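One structure is given here, and the rest of the page talks about it.
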Amino acid sequence: MLKYSERSKTLKSNAKKIELYRKKGVKMDYYRKIAIIAGVLFIIYTGGDILTFLFLGPVTAPNYLVSVSENRGLVGTGALLLFIGGACASGIAISLYPVLKKFNGGLALGAVGFRISEGVLRFVAVCALLLLITLSQQFVKAGAPDSSYFQTLGILLYAGNRWVSNVGSLLAFSIGALLYYIIFYRTKLVPRWISVWGLVAAILAMVSCVLATVGLIPVMGTEQIVMNLPMLPQEMVLAAWLIVKGFNPSVIASKAPQVDS
């Protein structure tokens, strides 16, 4: 009878272990999917930003109202890419939140807030571009007068787009990125060299926004572009790592009791 009781306890213990391992396996698959989704969003976000420069050339032309009117399809495509980037910006932080909140809920929530703010500001910049397209068409229809309210409105829309897109949304992005890179660095969810690279790039982006705001460097001038360059390859490397390797499984496993509860 005693042997039967011990055998029964052993079987129950083994069954519990098997169930625990099964649940952990399911959770690991869940976090693997999160990593892949975040990685894909990073690629779409960064790739879209790079392509945007190719489509928004008419906006920076000397006679930009005529140029935008003649190339409204290109500018519209650039606006669409900015819109998609705004959606991805919010999606990145939201997709990472279930993982990051296990390690630091405050920083994770802050990252979501700032990246959503970035998305909203990008949508505002898109609206400015679309309004500029409409204004440019009306300008051409009016015979492209040398001096008129068209130029004044054009200058306001152009300046608004640059300030919102290249300072406002960029600052929100860099703060949000800084928050989740702090978590990455502390937890080793991804290799620390990627986290350090991200921290440095985010800080440089923040400083460039501050310098542009106080007038020490021009908005999206050479200096600001150079200060933001490190972030482009960094996010592509992070994206590739998340898709191929995912989060550090030992770090995820350390939070398994909290996840399974």
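Checked against the criterion of being under 30 Å from LEU130 (Cα atoms), touching a helix residue (DSSP H, G or I) at 6+ places or on another chain (Cβ under 8 Å) and without any contact (Cβ under 8 Å) to a residue 60 or more places away in the chain, the stretch 172-181 has at least one qualifying residue. Only a single item in (1) assigned to a helix (DSSP H, G or I); (2) in contact with a Leu (Cβ under 6 Å, 6 or more places away or on another chain); (3) within 27 Å of GLY105 (Cβ to Cβ) is not met by PHE247, and it is number (1). For the stretch 173-185, the set of residues classified as closer than 15 Å to VAL251 by Cβ and touching a Phe, Trp or Tyr at 6+ places or on another chain (Cβ under 7 Å) consists of ILE183 only.
Comparison of SER208, SER169 shows that the only residue that is under 22 Å from the mean Cα position of the chain (by Cα), closer than 30 Å to ILE36 by Cα and either of a type in the set (Ser, Thr, Tyr) or exposed (fewer than 14 other Cβ atoms within 10 Å of the Cβ) (or both) is SER169.
Can you tell me which residue is nearest to the chain's Cα centre (by Cα) among those in the stretch 225-239 that are in contact (Cβ under 8 Å) with a residue 60 or more places away in the chain and closer than 11 Å to ILE194 by Cα? Walk me through it before giving the result.
At the first step, the residues of the stretch 225-239 found to be in contact (Cβ under 8 Å) with a residue 60 or more places away in the chain are 232, 235-236, 238-239.
Retained after the next criterion (residues that are closer than 11 Å to ILE194 by Cα): 235-236, 238-239.
Values: GLU235: 9, MET236: 11, LEU238: 12, ALA239: 11 Å.
The residue in question is GLU235.
ALA93 fulfils the conditions (1) crowded, with 22+ Cβ neighbours inside 10 Å; (2) out of contact with any Ser or Thr (no Cβ under 6 Å at 6 or more places or on another chain); (3) free of Cβ contacts under 8 Å to residues at least 60 places away in the same chain except for a single criterion, (3).
Taking the stretch 144-163 as the search range and keeping residues that are outside any helix (DSSP H, G or I) and either within 34 Å of the chain's Cα centre (by Cα) or hydroxyl-bearing (Ser, Thr, Tyr) (or both), which one is surrounded by the fewest Cβ atoms within 10 Å (Cβ to Cβ)? Here the residue is SER147.
Filtering the stretch 174-205 to residues that are polar (S, T, N, Q) and surrounded by fewer than 18 Cβ atoms within 10 Å (Cβ to Cβ) leaves nothing. Report every pair of residues separated by at least 6 positions or lying on different chains whose Cβ atoms are under 8 Å apart, first residue within the stretch 114-126 and more than 8 Å from SER169 (Cβ to Cβ), second aromatic (Phe, Trp, Tyr). Close Cβ pairs (under 8 Å, with a partner that is aromatic (Phe, Trp, Tyr)) amount to PHE114/PHE173; ARG115/PHE173; PHE123/PHE83; VAL126/PHE83.
Here ARG122, ARG72 are screened, and the one residue that is within 16 Å of GLY160 (Cβ to Cβ) and either within 15 Å of the chain's Cα centre (by Cα) or not small (Gly, Ala, Ser) (or both) is ARG122. The single residue among ALA202, ALA212, ALA253 that is within 22 Å of GLY119 (Cβ to Cβ), at pLDDT below 95 and small (Gly, Ala, Ser) turns out to be ALA212.
The residues listed here are PHE103, PHE184; of these, the one that is outside any helix (DSSP H, G or I) and under 22 Å from ARG32 (Cβ atoms) is PHE103.
The values are calculated or read from the model by the stated rules, or taken from the named source; none is laboratory data. Note that this is a predicted model, so its numbers are computed, not measured. All Cβ positions, even for glycine, are placed from backbone atoms using ideal geometry, and neighbour counts span all protein chains on display.
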